[in-house]
Amino acid sequence: MRNLDLIEKWKNTTQNNYGVPSLALVKGKGLVVTDADGKTYLDFLGGIATNILGHAHPAIVKAVSKQVTQLSHVSNFYAHPNALALAEKLISMTGEESARVFFAQSGAEANEAALKLSRRTGRTHIVAAQGAFHGRTMGALSLTGQPSKREPFLPLLKGIKHVPFSDIAAMRRAINKKTAMVILEPIMGEAGVIVPAPDYLAEVRTLCDASGALLVIDAVQTGMGRTGDWFGYEYSGITPDVITLAKGLGGGLPLGAMIAIGEAASLFKAGDHGSTFGGNPVTTAAGLATIAVIEKQNLMHKAAKHFDFLSTELSLIPSVKQVRGAGLLVGIELNSDNANAVAQKMLEAGVLVNAANPTTIRIAPALIVTPAQLKKFVTIFRKVLSHDN
Ligand SMILES: *Cc1c(COP(=O)(O)O)cnc(C)c1O
């Protein structure tokens, strides 16, 4: 079946919540994906910051294939070595021995778990950021600070205040002794790759310490080495109480985690929360393989260097106003609000990107991207923008 047939089938079989895609992808290898008509694309979106090692990475293929032939599911009535090895690994990545892990499948579920955990402080008030994205389930949507996504589904959870991002005075006014948790993305991804002031997270940490509120870092998009460190907040020197992960964690398989640190790690009591698939042997095998490759190939360090190249090169393009982000999570702010059209032209030119908002192109390529692929991206982007203006 070709692109058009599959798109027609999409229209006739699925609900209209996503709108209609412009093509169907059927194959991938590294950063190259192939559509149903046989055309290839350079994938600079990576399944929205998810295919952190690209497509069909041999280490993931091997780990998953082996596990699925042995045991694909055990439930949480039983322990499984993969989930425990991954939990151990994640704990060591936080650098905090007290950290403890809860596994989920997605970012929304990881944040739901954090939300429920915060209720166990005995407090119910929450502070989140305007523009933030934390997921689409009712709890996660209550945390999400985007009116267009929230308003059709009101009423949402009560007691959640959204303050301007990177505005420490607004945060100070919003936090008090009733605040159960503050949740922040280290860099707001969906909002358009918005980077806070360098001392923002440290200042929020101080406010949380003073009021006894948990500081939850939503590293669903920034995590797993994408921004040059494991979770995206390490540059700030803080230790959060909770870290949520998904997207890159499973290297393309559905895997999420909520990691609690210190006293937060013992807030849940037996029976408080659960997930049938959480810590699944196959997805955790993928997570272990993903982390092993990132470490072995020093991909975090490389991601940080790639950002320097991209920001230097992209800033030279006349219709680019600003390049934001860290590592391989990059927002390219354009001078005009034609990001959707630019994303479509990039697709026609054989490169997948997306418009995070009307003026921002977001790229989140796999960490295995080569310098040659980065150069190719810049060349095509420059060409598309020059035709555009
Ligand atoms: C994508 C995303 C989520 C939601 O993840 P899902 O897996 O789609 O539920 C939550 N937080 C952030 C920061 C994200 O980028």
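The values are calculated or read from the model by the stated rules, or taken from the named source; none is laboratory data. These numbers were taken from a predicted model, which means no experiment stands behind them. Neighbour counts are summed over all protein chains in view; Cβ atoms, including those assigned to glycine, are modelled from backbone coordinates with ideal geometry. For the accessible areas, the whole protein counts, side chains as well, though only heavy atoms, and no ligand, DNA or RNA atoms are used. Shrake-Rupley method; radii C 1.70, N 1.55, O 1.52, S 1.80 Å.
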- Message: Beyond a 32 Å Cα-Cα separation, which of these cross-linked pairs lie in this structure: Lys158/Lys321; Lys27/Lys345; Lys89/Lys269; Lys66/Lys376; Lys39/Lys302?
- Response: Lys158/Lys321; Lys66/Lys376
- Calculated SAXS-style log₁₀ I(q)/I(0) at q = 0.09, 0.16 Å⁻¹ - region 87-230, Debye, Cα scatterers: -0.26, -0.86
- Message: Based on alpha-carbon centroids, what's the gap between region 266-300 and region 1-53 in Å, whole number please?
- Response: 27
- Item | Cα gyration tensor of the chain - equivalent ellipsoid semi-axes, whole Å, descending | 32, 26, 21
- Query: Got a sec? Charge dipole of the chain, +1 on Cβ for Lys and Arg, -1 for Asp and Glu; which of Leu71, Gln105, Ala219 is way out at the positive end?
  - Reply: Leu71
- Query: Cβ under 12 Å from Val32's Cβ, Val32 left aside: what net charge do those residues give with Lys, Arg +1 and Asp, Glu -1?
  - Reply: +2
- Note on the structure: In Å², rounded to a whole number, the accessible area per residue of region 61-296 with probe 1.4 Å is 41
- If packing is taken as the mean number of other Cβ atoms within 10 Å per residue, what is the order of 270-280, 362-372, 247-257, highest first? 247-257, 362-372, 270-280
- Message: Charges at C-beta only: +1 for Lys and Arg, -1 for Asp and Glu. How large is the resulting dipole of the chain about its Cα centre, in Debye rounded to 20?
- Response: 400
- Task: Please figure out what share of the DSSP beta bridges in the chain is antiparallel and state it in percent, rounded to the nearest 5.
- Result: 65
- Note on the structure: The farthest towards the positive end of the charge dipole of the chain, of the residues Ala304, Val163, Thr283, given +1 on Cβ of Lys and Arg and -1 on Cβ of Asp and Glu, is Thr283
- Query: How do 150-160, 48-58 rank on mean C-beta neighbours within 10 Å, highest first?
  - Reply: 48-58, 150-160
